[in-house]
Each structure stands twice: as C-alpha cells, then as structure tokens.
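The values are calculated or read from the model by the stated rules, or taken from the named source; none is laboratory data. What you are looking at is a predicted structure, and each value in this text was computed from that prediction instead of being measured. As a convention, Cβ positions derive from the backbone with ideal geometry for all residues, glycine included, and neighbour counts pool all protein chains shown.
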C-alpha cells in the first residue's frame, strides 16, 4: 500500500484546488514559516477521520473552511481527498486504487466518501485498522509526539508498539465486542418483561392478524374490481371530451354571429346617423334661407310702411295746399271784386270830375270843393292803388306758390304712381316670397317628418343594439365561463401531461422504458387506465399504491422484451400485468355488475 496523491480544496489556507503527487521515493515539502506545510499534515489527519479541533489547531470545525481574503470570497466547502495504491491488497477491499474523501459544508453538514460512494466514518476507520494509517496512528508523527514516546507519557510508547504489531486492531474489536455484550446482557435482563408484554398483547395481536388477513383478502378483491372497472371508464371520458369540444365550437360560433350582428347594426346606425346629419345640415341651410327671406320681407314691409306714411303725408300736404289755393282763389276773387268796384267808383268819380270840370267855371267855390273832394278821392285812389299793388304782388306770389304746388303735386302724383307700381311689384314679390316660404315650410315639415321618422328608426335600432349588446354580454359571460372551464380543463390536462411526459415520481426503470425506442409498443401503466370517482380517489390510490406503476401489456412476450431491455441496461426492475394471462385465467373476475358505480 502506497500513498499516491493528495487533493485539497477550500481547506484552511488552500482556497484553490491543489494536487500533491507522492511518487516513488521520499517526498518532502519545505518552505518558510506560515506557508502552509502544517496545513498539509492537518488535511491528511482530517481526511482520515480526525474529530478533535485541538489536533487540527483550530477553535471550531467551521474554521478549517477557507475564510477568504481581501480579493476573494470565503469558500462554502472544505474538501480533501487521499488516494492509495492497493496493489498488494493490504486494505480489505477488492479495489486496486482507494480514494478517501471528506467534505465539510459551512452550514455544518459533512460527508465521507470511499471511491466516490457515500460511507460512514466507521467504514473508513475499519478500513485502515492494522495498517498504521489513521488520524492518531504512528504514520503521522509530530515533534511533540517524539518527546511523548521517549518520556512514555500516557503509555504512548506502548500504544505505538501495539499499533505497529497489529494488536490495536484487536483491542478495538475487543472494545466493540464488550460493548455489544453489555448491550446483550441488558437486553437479556429485560427478556421476562418482554415475554410478559408479548403474552399480554398476544390475543390482541391475533385479532389484528385476522383483521389484517381479511383486509388483505378484501384488498385483493377490491384491486381486481378496480382493474375491471377501469376498462369500462376510458370511453366515458372520451365521449365527455368530444361533447365539451362540440359545445365549445357552438359557443364560439354563436359569439361570432352575435359579434357580426352587432357590427352590422352599428354600420346601419352609422349610416342613419350620417343621413340624419346631412338632413339636419340641409334643414339648417333651408332655415337660414327662410330667415333671410323673412328678414327681406320684413324690410320690404318696413319700407312699404315708410313709403305709405310718406304718401299719406304728401296727400295731407296736397290737401292743405289745395285748401290754401282755394282760400287764395277766394281772396283773389274778393280782391278782383274790390278792384272792379273801385274801378267803378273811379269811373264814377271821373265822371263826377268831368262834370265838376264842366261846372268848374260855373261854380268856383264848387270847384274848390270838388278839388278837395278830388284830392280826397286821389288819396283814396292811391290807397286803393297801393292796396291793388299789394294784392297783385300777393296774387303773383300765390300764383307762383300755386305753380310750385302744382309741380309738387305732379311730382307727388308721379311718385305716388311709382310707389304704387313699386308697391304692386313688392306685393307681387312678396306674394312670390310668401309662396316660396310656404313651399319651404312644406319642405321643412316634410324634412321634419322624415327627421322624426329617422329618429324613431334610430331609437328602434338603438333598442335593437342595446338588446344585441345585452345578448352579447350574456353570450360573452357564458363564453368566458365556458372558456374558464375549458382553461381549467386545459391547465389540468397540461399539468397531467407534463407530469406524465416528464415521468415525475416514477422509478428509473419506467423512465428508461418510456424513452427507449427498442420497446416499440409502449403499453400504459395501471395508473393510466384506472379511473374512479373523485371521492374515492385518495383511498383507492393508497390501496393500489404498490401496483399503480405496473405496466399493462397484452402478451407475455412484451413483458419479456421489456425485462430484457432493463437487464441489459442495468436499470432496475419493472412489474407487468399480462392481459392475455388475466383474460384466459379461470379465476378472472367477471365484468362489473350494476352495483358498481361509474366514474
């Protein structure tokens, strides 16, 4: 036996993994103080099973894990592996190379491995007994241990000789055997008590055994009945799935039809709204035109009233002028009559003057008197001439005013004629406008009727849309409910399919057969074909748990082929139900009767 290799990772100062090879001859590790030479010895002592932290020069076991530096994080694991060459078969094992590994995690967990197989500390200790290799054997000698051997402190010299001569192995075995003997003697001292307890509980155990036998019998019958019932339940689930798929397709089709009806109704409503908007625009234009005509008519009526008032004023003025003319004519006639009368008086006075002139000479005194009378008459005549001149001027003025009034009258008459003609034209235009207004009012009433009809149609369509929307919401709610049900079923199916596809919880043998292309038929497991009511599922699963992962094959040849594949690949064991053997067996269970419940 020879030490060939030492691997250290995360132990004390060894942050990185190092490998020390021990070739033929002497291997020495030299270096200055503090470089880690003693840590190599501690690693060897630790991997061989040392449990004392004092021997490892540490306060607690966790401190042997690499604690990190300024530039490196602490390690979470300390691992040391020691490899021996066992060509001489000194170690009691069939392997020519033996590797001992010890791991310690920062959370306190530890493990031992022998050739990368988990083992106990006792297994490693027993392996190195009587070989001189161990945590406290003479294969690792410190300087202080030499002093202890020389001074024979605590019989250290004797222990060294016993270890070298192979006696320590037997002493360890003796110690273990004595411990077992003490335990056996303690157990023997309690035999009577155990017999008393067993006798006391024997009857109860016999009753329990009978119940267990009956339970086993009923369990076998129930298992066979469950297997028979499974054949009758597979088709029911397929039919239910087809019915749900048909119902889902119908619901989707109804939802699509309802959605299309709503789109059509919305399109028709949009068209009616557009038509209604255009009609409202036309009505607004017509109302604006009507208002303009009405304003124009009102302007014409106002202008007509003004002109009528003006004509009335002119007629009143004409009447006043006619009255003034008549008054002036009467005054002129009176003046003319006065002038005529004065002329007659003048003529009479002239005749008298002539008579007086004739009689002048005859009567001088009479002449003087007549001169006086003549002078008086001349004064009157001057007065009358002055009055006549004033009357003539007044007559001229009156004639001039009369001419002006005549011209004004003619102008007024012409203007009256023009106003009459304009009034007739305005009245004709007004009548035409009234006709247009009447026509527009008729068109407005027609448009209003059409608008009311459109509004009524819109309300009806709005009611239909509301009804369609209510129906759609109801269909959506039903569809959402159905979709949730379908999603739940789909999720349940996906979860089950994922578990089945990944073969979660199945042994390695079943996974191997499921994925092996050499087994072409791929029959189902009993758990794949077994169905029951949900209320009984847990009880049935607990009852049939030992055989739930048994394959259900048609022929014995299929089972033999699978067993051969497992044997060649060393993938463990598998169990099978052979349907041909069950069908042709004389003890095969009959078909379920009416008392069996469908699942």
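Return the residue satisfying two criteria in turn: it lies in the range 492-509 and is modelled with pLDDT of 75 or more and assigned to a helix (DSSP H, G or I), and of such residues it is surrounded by the most Cβ atoms within 10 Å (Cβ to Cβ).
So, considering only residues that are modelled with pLDDT of 75 or more and assigned to a helix (DSSP H, G or I), the one surrounded by the most Cβ atoms within 10 Å (Cβ to Cβ) is 509.
Given the conditions (1) more than 55 Å from the chain's Cα centre (by Cα); (2) over 21 Å from residue 4 (Cβ atoms), report the number of the one that residue 71 does not fulfil.
(1)
Do we have any residue at all in the range 36-52 that's in a loop (DSSP other than H, G, I, E, B), in the same structural domain as residue 128 (by TED's automatic domain parsing) and farther than 21 Å from residue 121 by Cβ?
The answer is yes; a qualifying residue exists.
What pairs come up if the first residue lies in the range 480-505 and is more than 27 Å from residue 256 (Cβ to Cβ), the second is at pLDDT 70 or above and surrounded by 10 or more Cβ atoms within 10 Å (Cβ to Cβ), and their beta carbons are under 6 Å apart, counting only those six or more places apart or on different chains?
From the range 480-505, the pairs are 503/511; 503/514.
Counting only residues that are assigned to a helix (DSSP H, G or I) and either touching a helix residue (DSSP H, G or I) at 6+ places or on another chain (Cβ under 8 Å) or closer than 25 Å to residue 529 by Cα (or both), how many does the range 561-576 have?
7
Every residue in the range 510-538 that is farther than 18 Å from residue 233 by Cα and either loosely packed, with under 13 Cβ neighbours inside 10 Å or touching a helix residue (DSSP H, G or I) at 6+ places or on another chain (Cβ under 8 Å) (or both), please.
512, 513, 515, 516, 517, 518, 519, 520, 521, 522 - these are the residues of the range 510-538 that are farther than 18 Å from residue 233 by Cα and either loosely packed, with under 13 Cβ neighbours inside 10 Å or touching a helix residue (DSSP H, G or I) at 6+ places or on another chain (Cβ under 8 Å) (or both).
Which one of these is farther than 16 Å from residue 2 by Cβ and in contact with a helix residue (DSSP H, G or I) (Cβ under 8 Å, 6 or more places away or on another chain): 48, 104?
Criteria check complete, one pass: 104.
When you go through 56, 82, 91 one by one, which is the residue that is surrounded by 12 or more Cβ atoms within 10 Å (Cβ to Cβ), over 60 Å from the mean Cα position of the chain (by Cα), assigned by TED's automatic domain parsing to the domain that holds residue 122 and in a strand (DSSP E or B)?
Step by step, each of 56, 82, 91 is checked, and only 82 is surrounded by 12 or more Cβ atoms within 10 Å (Cβ to Cβ), over 60 Å from the mean Cα position of the chain (by Cα), assigned by TED's automatic domain parsing to the domain that holds residue 122 and in a strand (DSSP E or B).
For residue 261, indicate whether it is surrounded by 11 or more Cβ atoms within 10 Å (Cβ to Cβ), at negative phi and assigned to a helix (DSSP H, G or I).
When the stated conditions are applied, residue 261 passes them.
Could you check residue 149 against (1) modelled with pLDDT under 70; (2) closer than 30 Å to residue 101 by Cβ and say which number it fails?
(2)
Return yes or no: is residue 227 in contact with a strand residue (DSSP E or B) (Cβ under 9 Å, 6 or more places away or on another chain) and in a helix (DSSP H, G or I)?
yes
Could you tell me which numbered condition residue 66 fails, if it satisfies all but one of (1) more than 29 Å from residue 126 (Cβ to Cβ); (2) in contact with a strand residue (DSSP E or B) (Cβ under 7 Å, 6 or more places away or on another chain); (3) surrounded by fewer than 15 Cβ atoms within 10 Å (Cβ to Cβ)?
Here residue 66 clears every test but (3).
Name every residue in the range 294-320 that is exposed (fewer than 15 other Cβ atoms within 10 Å of the Cβ) and touching a helix residue (DSSP H, G or I) at 6+ places or on another chain (Cβ under 9 Å), in order of residue number.
Scanning the range 294-320 gives 294, 296, 301, 303, 308, 310, 315, 317.
Identify, from the list 322, 326, 333, the residue that is farther than 30 Å from residue 438 by Cα, assigned by TED's automatic domain parsing to the domain that holds residue 407, modelled with pLDDT under 70 and out of contact with any strand residue (DSSP E or B) (no Cβ under 7 Å at 6 or more places or on another chain).
When all the criteria are applied, what remains is 333.
Condition test on residue 6, is it free of Cβ contacts under 8 Å to residues at least 24 places away in the same chain, under 19 Å from residue 133 (Cβ atoms) and either touching a strand residue (DSSP E or B) at 6+ places or on another chain (Cβ under 9 Å) or buried (at least 18 other Cβ atoms within 10 Å of the Cβ) (or both)?
So residue 6 does not fit the description; no.
Restricting attention to the range 21-30, does a residue exist that is in contact with a helix residue (DSSP H, G or I) (Cβ under 7 Å, 6 or more places away or on another chain), outside any helix (DSSP H, G or I) and either within 20 Å of residue 96 (Cα to Cα) or modelled with pLDDT of 85 or more (or both)?
yes
Which of the residues belonging to the range 179-237 are in contact with a helix residue (DSSP H, G or I) (Cβ under 6 Å, 6 or more places away or on another chain) and either in the same structural domain as residue 548 (by TED's automatic domain parsing) or loosely packed, with under 10 Cβ neighbours inside 10 Å (or both)?
none
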